[in-house]
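Scroll down for the structure; my scribbles are underneath it.
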Amino acid sequence: MRNLKFTVRYDGTEFHGWQTQPGYRTVQETVELAIGSITQEERVRVNCSGRTDAGVHAYGQVMNVYSATLLECDTLVKAVNAKLPQDVRVLDCFDMPQAFDANKDAIGKRYRYVIDDGRIPDPFLVRYAWQPRQALNAEAMHRAAQALRGRHDFRSFETNWPNRMTSIRTIADIAVERHDRTVRVEVEADGFLYNMVRSIVGTLYQVGRGYWPEIAVGEVMESQDRRVAGQTAPPQGLFMLWVKYSGPPLPSWERG
């Protein structure tokens, strides 16, 4: 039995999230059916690095699956993609040690959130950005976000706390930059709580629109109260960029 690691890219717009749910179209079920049709295995179960919600996208989701197939990895990529719909693709495939676990072995992840703050929303961004129709000060958002760097208790940014055994996480990098008509918030951490990135974005949004001072972000974190933070930003602006594991450096496409 082989342990295969796949990197998956998908547009989450038409999916009801990653996890299989009866009666809904999900990324997990779509990928499992495609792999099973190629390997001719009745029960294919993939394990991902972290589940994404409905409407959330991924450049570099990672999953592993145990399979008895004898097909080479390059052949598997081509064959599985031929069975997948246009809004999801596998990018690569590698044989891994039996103990490799895409979720438990992840040591870091990076997400990007896109905000289109133009006065007139761009119709080509409606599926891939939050469009609040509110001009934002990206520089102020970036300065405010630096209070979140480091190891802290992020329960103020977790929906329905507690969802995990601990809400302590380490943010290695957080940056807010303007790119033409969009503002991009990127966060890299050793792990994320439920809706953590979207809650951080909703909090930074209040700073960007001038409603809250820059010091408010640090105060929200210290309050350890989700009710004090900003809104949960909508899902369509969120992208999982890559997942980091110990070993060789990330491929250039995974570095975003």
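Bear in mind that the values in this text are calculations on the coordinates, not laboratory data. A quick note: this is a predicted structure, and the numbers were derived from the prediction, not measured. Methodologically, a virtual Cβ is constructed for each residue, glycine included, from the backbone with ideal geometry; neighbour enumeration extends over all protein chains shown.
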Checklist entry - List the lysines whose alpha-carbon lies under 27 Å from that of K109, not counting same-chain residues fewer than 8 positions away? => result K5, K78, K244
Checklist entry - Cα atoms only, the chain: Rg and Dmax in Å? => result 19.0, 59
Checklist entry - What is the Cα centroid distance between region 1-69 and region 156-206, reported in whole angstrom? => result 24
Checklist entry - So how strong a dipole does the chain carry about its Cα centre when Lys and Arg Cβ are +1 and Asp and Glu Cβ are -1, to the nearest 20 debye? => result 260
Next on the checklist: Cut-off is 10 Å between beta-carbons; in what order do M221, M165, M96 appear when sorted fewest neighbours first?
Outcome noted: M165, M96, M221
Checklist entry - Of I38, I115, I215, I120, how do they rank once you tally other Cβ atoms within 10 Å and put the fewest first? => result I120, I215, I38, I115
Checklist entry - Hey, fewest Cβ within 10 Å first, where do Y245, Y24, Y113 land in order? => result Y24, Y245, Y113
